[in-house]
Each structure stands twice: as C-alpha cells, then as structure tokens.
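A short worksheet on the structure shown next.
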Amino acid sequence: MSQAEIMQLVNAHMWGGALMSMPILVIALIVGFAIGLLQALTSIQELTLTFVPKLLAILIVFFLTSGYMTQILLDLFQNQVLAVASR
C-alpha cells in the first residue's frame with residue numbers, strides 16, 4: 001500500500017467519523033445553548049439542569065440516527081474491502 005493510498009484511506013475515515021458525530025454534536029450544542037440562555041435569564045445555576053436534558057437529547061438523536069451511522073460505517077468497510085480485493 002502506497003503512502004497516497006494510506007492518506008486517502010485516513011481521509012475517508014476521518015470524514016466518516018466527522019459525519020457520524022455531527023448530529024450528536026449539533027444537538028448537544030443547540031440544547032446546551034438553549035439551557036445556558038434559560039439559566040442566564042432566570043439566574044438558576046443548577047448543574048443537573050444542563051446535564052439531564054442534554055443527555056436525553058443526545059440519546060434520542062443517537063437512536064434516531066443510528067441507521068445513518070451504520071450506513072456510513074458499512075460504506076467505509078465495503079470501500080476498504082473492495083480496495084483490498086482489487087489489489
């Protein structure tokens with residue numbers, strides 16, 4: 001395997017990881033921002049107020065996008081197997 005092939009493989013896997021993590025990170029950002037804004041407006045500084053809703057939102061998004069994440073992993077795996085098989 002040449003250096004160019006290895007770099008192409010690393011690039012594909014990095015993009016796959018970024019695409020899989022994006023829905024979870026976006027929802028954590030949105031929920032965290034909304035709760036932070038609510039805390040700033042009401043002067044409530046409770047730690048569990050930020051943790052529990054964010055955790056629930058992340059779990060819901062994880063289960064809703066698990067098929068999408070699985071498809072990305074399968075595509076990466078199939079491309080890897082095809083690359084090895086074509087050698």
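Bear in mind that the values in this text are calculations on the coordinates, not laboratory data. Computed from a prediction, not measured in an experiment: that's the story for all the values here. Counting neighbours? That spans all protein chains shown, and the Cβs are built from the backbone with ideal geometry, glycine included.
Which is out of contact with any strand residue (DSSP E or B) (no Cβ under 9 Å at 6 or more places or on another chain) and in contact (Cβ under 8 Å) with a residue 12 or more places away in the chain, of T70, T48, T65? Please lay out each step first, then the result.
On the way: T70 fails: in contact (Cβ under 8 Å) with a residue 12 or more places away in the chain; T48 fails: in contact (Cβ under 8 Å) with a residue 12 or more places away in the chain.
The match here is T65.
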Keeping to region 19-59, report how many residues are loosely packed, with under 11 Cβ neighbours inside 10 Å and of a type in the set (G, A, S). 2
Here are some residues: I44, I24. Which one is among the hydrophobic types (A, V, I, L, M, F, W, C) and assigned to a helix (DSSP H, G or I)? I24
Please go through (1) out of contact with any Ser or Thr (no Cβ under 8 Å at 6 or more places or on another chain); (2) in contact (Cβ under 8 Å) with a residue 40 or more places away in the chain for I24 and return the number of the only condition it doesn't satisfy. (1)
